[in-house]
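Derivation of every value follows stated rules applied to the coordinates shown; laboratory data play no part. Since the structure is predicted, the reported quantities are computational estimates derived from the model, not experimental observations. Every residue, glycine among them, receives a Cβ derived from its backbone with ideal geometry; neighbour counts consider all protein chains shown.
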Amino acid sequence: MPNAVFAGSFDPPTSGHLDVIESALSIFDTLYVVVAHNPEKEGLFSIDERLEMLNAMNTFGERMQIFSWEGLVTDFARMHHCSVLVRGLRNASELPYESTMAYMNRRLDPKIKTVFFLYDARHVDISSSLVRDLVSHRTLPDDIVPKAVAEVLKNILKKRGQPLL
């Protein structure tokens, strides 16, 4: 099977992201998980912290390659010989935005296709923005982020003097 790219802000990575990664790796040989820089968004976690969290949750070895990238995801895909972009959908309300992005990516490179994976029903209420909100209130319920991510996240917050309760 071809290699694929799963790009996002991952600020922070969630259990939903892990669900999409597992689904993609059941089909693709290698998945490039890419922390995409978005100059219009200021993240709660630095790019290096997000990479640290993603590396902590990588139980797939070399099949899951983790990068950061400034620029178009289609350029990253082309450079790494990937013909598929992976996107996760929590619910139908995300489809208009995601389909617009998929059409634009197809316009940028018609050889690169987008594949959508539906989140497991256990994760449809989880988003990075909700996790950031919970963290700002110094709480993090179980199963919102993978356990390895929770440990890294707790250490980061402790270093900042903002430990979870």
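Structure notes:
- Subset of segment 1-20 [touching a Pro at 6+ places or on another chain (Cβ under 9 Å) and not in a loop (DSSP other than H, G, I, E, B)]: SER15, HIS17, LEU18
- Residue count, segment 96-129 (criterion: part of a helix (DSSP H, G or I) and either of a type in the set (D, E, K, R) or free of Cβ contacts under 8 Å to residues at least 12 places away in the same chain (or both)): 12
- Scanning segment 86-95 for residues that are within 18 Å of the chain's Cα centre (by Cα) and not in a strand (DSSP E or B) yields a total of 4.
- Hits in segment 63-85 - residues which are among the small types (Gly, Ala, Ser) and either under 16 Å from ILE21 (Cβ atoms) or more than 15 Å from the chain's Cα centre (by Cα) (or both): GLY71, ALA77, SER83
- The set of residues in segment 130-147 being touching a Ser or Thr at 6+ places or on another chain (Cβ under 8 Å) and either of a type in the set (S, T, N, Q) or not in a loop (DSSP other than H, G, I, E, B) (or both) consists of VAL131 alone.
- Residue in segment 29-65 that is surrounded by the fewest Cβ atoms within 10 Å (Cβ to Cβ), counting only those that are part of a helix (DSSP H, G or I) and of a type in the set (Lys, Arg): ARG63
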